[in-house]
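The values are calculated or read from the model by the stated rules, or taken from the named source; none is laboratory data. For clarity, every value in this text was computed on a predicted model and none was experimentally measured. For neighbour counting, all protein chains shown are included, and Cβ atoms are generated from backbone atoms with ideal geometry for every residue, glycine included. Heavy atoms of the whole protein, side chains included, go into the accessibility calculation; ligands, DNA and RNA do not. Shrake-Rupley method; radii C 1.70, N 1.55, O 1.52, S 1.80 Å.
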Amino acid sequence: LNPVRPGPGQPSSASQPQVVAAMGGGGVAGLGDVLTAHDHVVWVGDLNYRLDLADKFGPGADEKSPPPEVFAAAKRVGLDAMLACDQLQAAVRRGEAFEGFVEGAILHGPTFKVRRQAGLEYLQTRLPAFCDRVLWRSAVGLPGKVAPPWCVVGASSSDHKPVATRLTIGLQRPRPVWWWPPPRARP
């Protein structure tokens, strides 16, 4: 994901958090403010945020291939403790990414690093994480709500499980046809 061309002073390969933070801060590299140009913006996909577990489980927990005891400890702590270590939620709280976006309460297990089979069985090569997300933002004054996302545990084509949610969004009343374009002044 790098939907932008580098602008002056911007690194040639911006990371996802840099791109997202820049978009939330008023647009990037000639795209204009893509967040306010639309009534609703839905951001869906593998956002690649992981879990910061070193504080909770000690050195080695955040390594690409953590020691086996970290997996055992992660299973014991439960969903709430894992979500407390979620990089995306931490970045949103700090105002570093997805400002103004809403995510339904996560009630399912991590969706990354699963076996390519039905169910949520995790590979022991990388720590599970909540990489796959659905975030939503609406223009001021437009009502809406988001349901908790659910994980499609029957999917088996990847080491990620897809997620889905239900959005209920408000729409602006259509303007009459004569509203746009505005009439031109006569010379």
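Things to note:
Results for (1) at pLDDT below 90; (2) among the hydrophobic types (A, V, I, L, M, F, W, C); (3) within 21 Å of Ala84 (Cβ to Cβ); (4) open to solvent by 40 Å² or more (accessible area, probe 1.4 Å), shown as yes or no for each residue.
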| residue | (1), (2), (3), (4) |
| --- | --- |
| Pro110 | yes, no, yes, no |
| Arg115 | yes, no, no, yes |
| Gly119 | yes, no, no, no |
| Arg137 | yes, no, no, yes |
| Ala147 | yes, yes, no, no |
| Val153 | yes, yes, no, yes |
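- Residue within segment 68-75 that is assigned to a loop (DSSP other than H, G, I, E, B) and out of contact with any His (no Cβ under 9 Å at 6 or more places or on another chain) present: no
- Some residue of segment 33-40 being open to solvent by 50 Å² or more (accessible area, probe 1.4 Å) and assigned to a strand (DSSP E or B): no
- Members of segment 97-107 that are buried (at least 17 other Cβ atoms within 10 Å of the Cβ) and either outside any loop (DSSP other than H, G, I, E, B) or touching a helix residue (DSSP H, G or I) at 6+ places or on another chain (Cβ under 9 Å) (or both): Ala97, Phe98, Phe101, Glu103, Ile106
- Checklist (1) open to solvent by 60 Å² or more (accessible area, probe 1.4 Å); (2) farther than 20 Å from Asp80 by Cβ; (3) at pLDDT 85 or above applied to Trp180, failing item: (3)
- Being of a type in the set (Asp, Glu) and crowded, with 19+ Cβ neighbours inside 10 Å is a property that Asp55 lacks.
- Residue within segment 63-86 that is of a type in the set (Ser, Thr, Tyr), in contact (Cβ under 8 Å) with a residue 24 or more places away in the chain and surrounded by 14 or more Cβ atoms within 10 Å (Cβ to Cβ) present: no
This table checks each residue for (1) of a type outside the set (A, V, I, L, M, F, W, C); (2) touching a residue at least 60 places away in the same chain (Cβ under 8 Å).
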position: Glu121; (1), (2): yes, no
position: Thr125; (1), (2): yes, yes
position: Cys131; (1), (2): no, yes
position: Gly141; (1), (2): yes, no
position: Ala147; (1), (2): no, no
position: Trp150; (1), (2): no, no
position: Val153; (1), (2): no, no
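- The residue of segment 43-52 that is most open to solvent (accessible area, probe 1.4 Å), among those that are in contact with an Asp or Glu (Cβ under 9 Å, 6 or more places away or on another chain) and farther than 12 Å from Pro128 by Cα, is Val44.
- Scanning segment 121-135 for residues that are assigned to a loop (DSSP other than H, G, I, E, B) and open to solvent by 30 Å² or more (accessible area, probe 1.4 Å) gives Glu121, Leu123, Gln124, Thr125, Arg126.
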